[in-house]
Every structure is written in structure tokens, then in C-alpha cells.
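Undergrad: Take a look at the following structure, please.
The values are calculated or read from the model by the stated rules, or taken from the named source; none is laboratory data. Everything quoted here is computed from the prediction, not taken from an experiment. Methodologically, a virtual Cβ is constructed for each residue, glycine included, from the backbone with ideal geometry; neighbour enumeration extends over all protein chains shown. Only protein heavy atoms, including side chains, enter the accessible area calculation; ligands, DNA and RNA are left aside. Shrake-Rupley method; radii C 1.70, N 1.55, O 1.52, S 1.80 Å.
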Amino acid sequence: FKDGEQVALMAKELWETVLTDEDSAAMVRKIGLSVFTEFSDPEVNIWINADEVITGEAAKKDSMVQLKMAWETGNGLYSDTIGLTAAISSGKMKVKGPMLKLMKIVPVHKRAQTIWPDVCKKHNIQI
């Protein structure tokens, strides 16, 4: 990945695509979930709810769940080379907020994993 700007662009594209799927958006909406993720190396912030995806400084807003991890872990989660529970239990991903609500959207995360290779291909990134 070239830099944080590219990562932010690709992550935003990923989640906007995921949330165009009515089932995925409905699941996030039903739970009332909002997630703020802070990636490091490169530094990227992303905020997601059922209706909106925000990146950059504007993403630093209140959310139900806050995630913190290195981009390498985030890419691994999107690429399905690191499992969600393994990332949490190993300490590679820090979680604040109701873990049960986060786990309820695993099907949405799985949908993201099916889309991520196409996003990477579009941006000439090999995963």
C-alpha cells in the first residue's frame, strides 16, 4: 500500500460497497452499530454506520465500538488471513465497547472479505 491516503480510499470504497447490500445495511441498522477504527502504520481513521462511511479526521466521532490495530492486521482481517477472534485474543486488535454487538455483524465482515480482493485489484494491490 502506497500510503494512508490510499488505504483510506480503499477502506471507504470497501465499506460503501458492503453497505449497498441491503441485508448488510439492515443488519448494521438493526443493531444500531457504529464503529470507529483507528489503524496505525499508516495512520488511517474510519467511521462506519449503516448509512455513512467517513475517513480522516472527521471520522473521529462517537461510536458504539472502537477498534485499534495496525493496518497489517486490518488488511489481514479484510483478506481473511487473520481471524477476528484471533486478532482480538492475540492483542493485535483492541476493542472498546460491546463485543457481543460487534460479533453480531460477522456476516457483514464476511461480505467485506469477498469484496476486498476486487477493491485491491482495482487499485493494483496484490494481497
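Undergrad: Excluding ligands, DNA and RNA, what is the solvent-accessible area per residue of the chain at a probe of 1.4 Å, expressed in Å²?
TA: About 55 Å² of surface per residue is accessible.
Undergrad: Relative contact order, percent, of the range 1-51 when contacts are C-alpha pairs under 8 Å separated by at least 6 residues?
TA: Working: 50 pairs, mean separation 20.6, N = 51.
Result for the range 1-51 is 40 percent.
Undergrad: In addition: Under a GNM of the chain (C-alpha, springs under 10 Å), which listed residue has the highest mean-square fluctuation: VAL65, VAL95, VAL106?
TA: VAL106
Undergrad: For the chain, report the % of Cα-Cα distances exceeding 22 Å.
TA: So the portion of pairs separated by more than 22 Å is 27 percent.
Undergrad: Using a 1.4 Å probe on the protein chains only, how many percent of the accessible area of the range 12-127 belongs to carbon and sulfur?
TA: After summing per-atom areas, the C and S share lands at 51 percent.
Undergrad: Let me ask another. Counting alpha carbon pairs within less than 8 Å and at least 6 residues apart, what relative contact order, in whole percent, applies to the chain? List each step's numbers first, then the result.
TA: Values: 191 pairs, mean separation 32.1, N = 127.
Relative contact order of the chain: 25 percent.
Undergrad: Still on this structure, I have one more. Could you please report the charge total around SER79, scoring K, R as +1 and D, E as -1 over all other residues with beta-carbon less than 13 angstrom from its beta-carbon?
TA: Value of the local net charge: -1.
Undergrad: Which percentage, to the nearest 5, of the DSSP beta bridges contained in the chain is antiparallel?
TA: Among the beta bridges of the chain, antiparallel pairing accounts for roughly 65 percent.
Undergrad: Under the Karplus relation 6.51 cos²θ - 1.76 cosθ + 1.60, θ = phi - 60°, what is the ordered set of whole-Hz ³J(HN,Hα) values for the range 66-75, x standing for Gly and Pro?
TA: 10, 10, 9, 6, 6, 4, 4, 5, x, 4
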